[in-house]
Amino acid sequence: MFEIERIQQHLGCGCCIIWKKHCHHMLYYMLPYVLQVWRLLCGRLICLDVKDSFCSSLLIYNFRIFERRFGTRKFASFLLGTWFLSALVDFFLVQVFQYLFKYEVEELPAGLLAPVFSLFVPFYQSIPRMPVTQVLGHIHITNKTLVYIVGLQLLSSSPFMWLLALSGLISGGLYHSNVLWLQKILFVPAWASGVVKYILEPLFSSESSRQALLSSFLC
């Protein structure tokens, strides 16, 4: 049993090394290849930078309050809707930037970044600010301060991260306000939610499955 687990860990580490050496460039969010669907999906779903991955994961963990408030399906619909909207807004903002500053933007930070920034819209509007403590007697620390600090850290991690942040905020504002009935157009169907739950719930229900998944990520 232990030998099998050791072999699985070595195979996972070997796959990670091969992936980083030979396939890493295939996941860049390259705007000239945005019409290639697989590049668009990989570039806007898989985070290549460790710091970006850590900060976005920490933000999603703090934004889990919306899953409890809205429900899992509605929360997933928000992420799906803002993902599609931000793809269009990304392209629009890049074109505006190129027109104003005569600078061609060919690559943007990869990952599920714009939808993460879009969650700041309901976070700002619906989560009340509660004072926690004060620093130097004048600077108020609230229950939302840490989330904003992590967001600023993510914002400063790349030169064009501000473009994705702006795209996410615009997309989050449009979807949260239900402009043009976007919440009825872009949503996760009930049958899709049931299928995903049926497939993924057994994978994460056992302790051995969680440990194997964690070891494959930490290799």
* Asked: In region 161-179, which residues are in contact with a Leu (Cβ under 7 Å, 6 or more places away or on another chain) and surrounded by fewer than 12 Cβ atoms within 10 Å (Cβ to Cβ)?
  -> none
* Structure fact -> Exactly one of I127, I141 is open to solvent by 20 Å² or more (accessible area, probe 1.4 Å), farther than 30 Å from C42 by Cα and more than 18 Å from the chain's Cα centre (by Cα), and that residue is I141
* Could you tell me which residue of region 38-74 is least open to solvent (accessible area, probe 1.4 Å), considering only residues that are over 20 Å from A192 (Cβ atoms) and in contact with a strand residue (DSSP E or B) (Cβ under 7 Å, 6 or more places away or on another chain)? => G43
* What pairs come up if the first residue lies in region 45-74 and is free of Cβ contacts under 8 Å to residues at least 24 places away in the same chain, the second is surrounded by 14 or more Cβ atoms within 10 Å (Cβ to Cβ), and their beta carbons are under 6 Å apart, counting only those six or more places apart or on different chains? -> E67/F75
* Residue that is farthest from I60 (Cα to Cα), among those in region 102-159 that are of a type in the set (D, E) and touching a residue at least 24 places away in the same chain (Cβ under 8 Å) -> E106
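Test S158 against the stated conditions and say whether it is at pLDDT 95 or above and either among the aromatic types (F, W, Y) or open to solvent by less than 80 Å² (accessible area, probe 1.4 Å) (or both).
On the way: at pLDDT 95 or above: no; either among the aromatic types (F, W, Y) or open to solvent by less than 80 Å² (accessible area, probe 1.4 Å) (or both): yes.
Considered against the rule, which asks whether it is at pLDDT 95 or above and either among the aromatic types (F, W, Y) or open to solvent by less than 80 Å² (accessible area, probe 1.4 Å) (or both), S158 comes out as no.
To keep it simple, each residue is scored yes or no on (1) more than 30 Å from L146 (Cβ to Cβ); (2) at pLDDT 90 or above; (3) open to solvent by less than 70 Å² (accessible area, probe 1.4 Å); (4) among the β-branched types (V, I, T).
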{"position": "C15", "(1), (2), (3), (4)": "yes, no, no, no"}
{"position": "H25", "(1), (2), (3), (4)": "yes, no, no, no"}
{"position": "P32", "(1), (2), (3), (4)": "yes, no, no, no"}
{"position": "A76", "(1), (2), (3), (4)": "no, yes, yes, no"}
{"position": "F92", "(1), (2), (3), (4)": "yes, yes, no, no"}
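The values are calculated or read from the model by the stated rules, or taken from the named source; none is laboratory data. Only a predicted model underlies this, so the values are computations on that prediction, with no experimental measurement involved. Counting neighbours? That spans all protein chains shown, and the Cβs are built from the backbone with ideal geometry, glycine included. Side chains are part of the model used for accessible areas, which takes the heavy atoms of the whole protein and leaves out ligands, DNA and RNA. Shrake-Rupley method; radii C 1.70, N 1.55, O 1.52, S 1.80 Å.
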